[in-house]
Amino acid sequence: MIFNIPFIAVAALILIGLYAVIFKRNLIKMVIGITLIESGVNLFLITLGYREGSIAPIYTSSPGGIMSLPVPQALTLTSIVIGVAVLALMLSLVIHIYRHYGTLDVRKIGGPEE
Amino acid sequence: MSGMSKIVKTISSIAFPFITIYGLYVIAHGHLTPGGGFQGGAIVASGCAMILVSYGSIWIMDRVKEKNLSILESLGAVCFILLALLGLGFGTVFFNNFLVGTNSLFGVVPAVGSGLADINTGGVIPLMNFAVGLKVIAGLFGIVLVMAYASRTKEEKK
Amino acid sequence: MNVADLIALLLQHSPALIVAVPLLGAFITPLISRLNDKVRNVFVILTLGLTASLVFLLASDVFTGNIHTYIFGSQDLALPVVRILFEVDAMSAFMAIISVILSLVAVIYSWSFMKENTGLDKYYTLILLMTAGMLGMELTGDLFNFFVFLEITSISSAALVAFWTNKAKSVEAGFKYIVISTIGALFILFSIALFYGQYNALNMAMIASAIQYTFLDKIALVLLIAALAMKAGVVPMHMWLPDAYGKAPSSITLILVGATQASLYGVFRVCFTIYGGAINLSSISIGWILVILGIITMLLGVAMAIIQTDFKRLIAFGAVAEIGYILLGIGTGLVVMLNPEMTTTGLAAMKGGIFHIMNDALDVGLLFLVAGAIYYATKETSLNKLGGLARNMRYTTVFFIIGLLAISGMPPMNGFASKLLIYESTYQLNPILSIIAILSSIMILAVFVKVFHSAFLGPALPKFENVKEVPKSMLIAMGTIATIIIIFGLFPELIVNNIVEPAANALINYGDYVREVIPSFTGGV
């Protein structure tokens, strides 16, 4: 049972993130929701590579024993880098929207076509 | 934004060289211990962002220009692609590790299952780590600088 | 070494060079743009021209039946596959031709369309990055690599959609696009993690050879099709498409059409190749789902296009409707794939769907370029305020007529050839589908004739007296696409037999794709 806790955490993170994106009205809270979903998927990737009783996969002066898989760690690193780039772009666009409309409320931006 | 109080400025100036050295250590040992280009670059960029927050964006704006950061970033990225294309130039495939096994710069091969390996191993990987680290430092610091510039309030614009 | 050796060497290394050359160009562009503006424009056009010639060289060899693989980092392929592979078969080469032609025409068009804007070095850098991302998406044989290139493409295209930051609507459209696209991409990453957890492989051929259709595989299939179809603009997930297509600069909309088609290519690669072994159990249900999505997309796209008053938004809804035709054709091919007496129907439907991918990109692209030309000349986008422009802008009017005839499937344009194949083959499956498809074509014709009348015909308005024809580079770009449309329309047999049929066969016979990597694979049609 204790080895299922990471998977339950993954499901909780993704659901809370989806709730924040769909139901919150502030633009910054939507961006935070996307970061939560991304953290959940990264946790899922790392958890897949764990073997019971394993050590870190480094060859230099290793004490011996099973090593956990290093490939999901590389995939997670790539995903974190992509997440940073997307976060930077989304926050820049939020700054521009705030300059135009003066508010961050999603119901008040987006008026009629000019 | 304006800077913070004198205590904060002093402490962040003392901490900044340590953070930079630690970040460069993480970049340089990327092929031996956990770390590498992006991780070390993010550490150094966090140190630079700490200086930006504590000294104020007006002070930084006089000393660091955004187009110099852009040139550094492009140089790092061009070095990375040229290193990958050099594998093509040496007769084999793209992204080939052509320095492993030779007795030149990073070319020593450690024995399998050995203890501590030297930093002199790894082939073309440490060079790519340096290129990526330079790009990440310049890129992340540039993003933070431009955002600080863009979110000045109306009173400071006058 | 002589020329033949050089060409053979380029052909051997071309899958890697096709992605590396625009990437290197994108990183050098900020350095070159410090010198001069014209030097930067010429450098970007030369980079894209070199990429286009490499794509044509690779395609000319792949269409004769060889599949090219390229292993990154080593020369021998040790099983199980641990390295990143690029695997180019006929369908990948077909999509790569479309992407590179669209990028080259867009850069030629934006020589004079974007001349008065600032920040153009970032514009050209992002265009080259987007081209590298699209080509990487289409050539790769590794699922995680596909995800990385998909994210590169969507980040750079979201930044380009919001390029006119002085307009509030453009920034809003870019924000909507990046939020929806990131959530979709994260679900694709979730499916890739499900595949890795079960089969310990990320290579598409390895997963295809080892797949058993478990419950987790079904979840992964649903997530993959939903997320990739959302990036392709399929109803009911099309909400970002009219805003993003309508508010971006017109040259960017052209490349964005290419990015949309590349995501649609991802749907087909997942359905036919990765799930190839399991397709015998479920092809009928997946095929019918694609057919029904195609019908809904066609009807909703055309219905929303009738009521629009903004020029580019109307063309964007027309683009949504055209995606429905592609899904209808290929979905029909999937439904009848196992039925041994309807193989010619299935092959004809797939040929029609795949040919329509290219025709849709060209037709919708030409209409968007015409809309951009009108915006450049008159600074108006609303149809209520335009009128009587045929007097001043003769060439643009001719190009609009060509685009109008092509998108509604009239001979002698290319839309007629592909739509005829789709009508005939879907009639064999169910006559009602064919009737709905013909009805949508007629409604699209009606919508665009209305647009033609209100924008180009009619009395001359006094405020448009000084409107001149658009500059030469925009005319050259529009003329190139119009010429390709007319050539494809006059000689469709040539294109279908040499280019489209190898692509359709490559999708159906997924066994050849897997046997390139794993020679001992025994499944496959």
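The values are calculated or read from the model by the stated rules, or taken from the named source; none is laboratory data. Because the structure is predicted, anything quoted here is derived from the model rather than measured. Here Cβ is always computed from backbone atoms with ideal geometry, including for glycine, and neighbour counts include all displayed protein chains.
Consider B:GLY40 carefully, then state whether it is in contact with a Phe, Trp or Tyr (Cβ under 7 Å, 6 or more places away or on another chain) and in a helix (DSSP H, G or I). Taking the combined requirement at face value, the residue does not satisfy it. When we screen C:ALA477, C:ALA446 for residues that are touching a helix residue (DSSP H, G or I) at 6+ places or on another chain (Cβ under 7 Å) and in a helix (DSSP H, G or I), the only hit is C:ALA477. The single condition from (1) over 17 Å from A:LEU18 (Cβ atoms); (2) surrounded by 21 or more Cβ atoms within 10 Å (Cβ to Cβ); (3) free of Cβ contacts under 8 Å to residues at least 60 places away in the same chain that C:GLY233 fails is (3). Among residues that are in contact with a Phe, Trp or Tyr (Cβ under 8 Å, 6 or more places away or on another chain), surrounded by 24 or more Cβ atoms within 10 Å (Cβ to Cβ) and either assigned to a helix (DSSP H, G or I) or more than 13 Å from every other protein chain (Cβ to nearest Cβ) (or both), C:MET130 is not included.
Filtering segment C:154-182 to residues that are of a type outside the set (Gly, Ala, Ser), within 7 Å of another protein chain (Cβ to nearest Cβ) and either in contact with a Ser or Thr (Cβ under 7 Å, 6 or more places away or on another chain) or buried (at least 20 other Cβ atoms within 10 Å of the Cβ) (or both) leaves C:ILE155, C:VAL171, C:GLU172, C:PHE175, C:ILE178, C:VAL179, C:THR182. Looking across segment B:43-78 at every residue that is crowded, with 19+ Cβ neighbours inside 10 Å and within 30 Å of A:ALA56 (Cα to Cα), the one that is farthest from the chain's Cα centre (by Cα) is identified as B:GLY47.
Say whether the condition of being within 11 Å of chain A (Cβ to nearest Cβ), surrounded by 24 or more Cβ atoms within 10 Å (Cβ to Cβ), in contact (Cβ under 8 Å) with a residue 24 or more places away in the chain and of a type in the set (Ser, Thr, Tyr) is met by at least one residue in segment C:95-113. No, segment C:95-113 contains no residue that is within 11 Å of chain A (Cβ to nearest Cβ), surrounded by 24 or more Cβ atoms within 10 Å (Cβ to Cβ), in contact (Cβ under 8 Å) with a residue 24 or more places away in the chain and of a type in the set (Ser, Thr, Tyr). Filtering segment A:1-41 to residues that are among the polar types (S, T, N, Q) and surrounded by 12 or more Cβ atoms within 10 Å (Cβ to Cβ) leaves A:ASN26, A:THR35, A:SER39.
Would you mind stating whether C:LYS312 is free of Cβ contacts under 8 Å to residues at least 60 places away in the same chain, part of a helix (DSSP H, G or I) and among the charged types (D, E, K, R)? Here the answer is no, as C:LYS312 does not meet what is asked.
Counting only residues that are within 16 Å of C:ILE178 (Cα to Cα) and either more than 8 Å from the chain's Cα centre (by Cα) or in contact (Cβ under 8 Å) with a residue 60 or more places away in the chain (or both), segment A:21-45 holds 9 of them. Flag: B:ALA77 matches the condition of being facing chain C (nearest Cβ under 8 Å) and either part of a helix (DSSP H, G or I) or touching a helix residue (DSSP H, G or I) at 6+ places or on another chain (Cβ under 6 Å) (or both).
Counting only residues that are buried (at least 18 other Cβ atoms within 10 Å of the Cβ) and of a type in the set (Val, Ile, Thr), which one in segment C:68-83 is farthest from C:ILE354 (Cα to Cα)? Filtering first and then ranking leaves C:VAL81.
Listed here are the residues, each with its yes/no results for (1) loosely packed, with under 15 Cβ neighbours inside 10 Å; (2) among the β-branched types (Val, Ile, Thr).
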{"site": "A:SER54", "(1), (2)": "yes, no"}
{"site": "A:PRO63", "(1), (2)": "yes, no"}
{"site": "A:ILE66", "(1), (2)": "yes, yes"}
{"site": "A:PRO70", "(1), (2)": "yes, no"}
{"site": "A:LEU87", "(1), (2)": "no, no"}
{"site": "A:ASP105", "(1), (2)": "yes, no"}
{"site": "A:ILE109", "(1), (2)": "no, yes"}
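Evaluating B:ARG63 against the criteria (1) under 27 Å from B:MET147 (Cα atoms); (2) touching a Pro at 6+ places or on another chain (Cβ under 8 Å); (3) free of Cβ contacts under 8 Å to residues at least 24 places away in the same chain leaves one unmet condition, (2). Within segment B:142-153, residues that are within 11 Å of another protein chain (Cβ to nearest Cβ) sit with their Cβ atoms under 8 Å from residues that are surrounded by 15 or more Cβ atoms within 10 Å (Cβ to Cβ) and charged (D, E, K, R), at 6+ positions apart or across chains, in these pairs: B:GLY142/B:GLU73. Filtered by the rule that a residue be of a type in the set (S, T, N, Q) and either more than 8 Å from every other protein chain (Cβ to nearest Cβ) or farther than 24 Å from B:GLY41 by Cβ (or both), segment A:51-84 gives A:SER54, A:SER61, A:SER62, A:SER68, A:GLN73, A:THR76. Can you spot a residue in segment A:58-72 that is modelled with pLDDT under 95, in a helix (DSSP H, G or I) and either over 15 Å from C:PHE190 (Cα atoms) or touching a Cys at 6+ places or on another chain (Cβ under 6 Å) (or both)? Looking through segment A:58-72, at least one residue is modelled with pLDDT under 95, in a helix (DSSP H, G or I) and either over 15 Å from C:PHE190 (Cα atoms) or touching a Cys at 6+ places or on another chain (Cβ under 6 Å) (or both). Of the listed requirements (1) in contact (Cβ under 8 Å) with a residue 40 or more places away in the chain; (2) within 26 Å of B:LEU86 (Cβ to Cβ), C:GLN75 misses just one: (1).
For segment C:449-483, taking the residues that are in contact (Cβ under 8 Å) with a residue 40 or more places away in the chain and of a type in the set (Lys, Arg), the one that is nearest to C:TRP111 (Cα to Cα) is identified as C:LYS472. All told, A:PHE44 falls short of being exposed (fewer than 15 other Cβ atoms within 10 Å of the Cβ), of a type in the set (Phe, Trp, Tyr), within 19 Å of C:ILE188 (Cα to Cα) and within 11 Å of another protein chain (Cβ to nearest Cβ).
Exactly one residue among C:THR182, C:THR153, C:THR165 is β-branched (Val, Ile, Thr) and part of a loop (DSSP other than H, G, I, E, B), and that residue is C:THR165. If you check C:LEU35 against the conditions, is it within 14 Å of another protein chain (Cβ to nearest Cβ), more than 19 Å from C:VAL496 (Cα to Cα) and in contact with a strand residue (DSSP E or B) (Cβ under 8 Å, 6 or more places away or on another chain)? Considered against the rule, which asks whether it is within 14 Å of another protein chain (Cβ to nearest Cβ), more than 19 Å from C:VAL496 (Cα to Cα) and in contact with a strand residue (DSSP E or B) (Cβ under 8 Å, 6 or more places away or on another chain), C:LEU35 comes out as no. The condition of being among the hydrophobic types (A, V, I, L, M, F, W, C), out of contact with any Pro (no Cβ under 6 Å at 6 or more places or on another chain) and outside any helix (DSSP H, G or I) holds for B:LEU32. Look at (1) within 14 Å of chain C (Cβ to nearest Cβ); (2) assigned to a helix (DSSP H, G or I) and you find that B:VAL53 fails only one, number (1). Here the helices (runs of 4 or more DSSP H) wholly within segment C:197-302 that include at least 2 residues being closer than 27 Å to C:SER156 by Cα are C:215-232, C:240-247, C:250-268. Every listed requirement among (1) closer than 30 Å to C:GLY133 by Cβ; (2) in a helix (DSSP H, G or I); (3) small (Gly, Ala, Ser) is met by A:GLY49 save one, (2).
Among the residues making up segment A:95-114, those that are facing chain C (nearest Cβ under 9 Å) and either in contact with a Phe, Trp or Tyr (Cβ under 7 Å, 6 or more places away or on another chain) or over 18 Å from B:TYR149 (Cα atoms) (or both) are A:ILE97, A:TYR101, A:ILE109, A:GLY110, A:GLY111, A:GLU113, A:GLU114.
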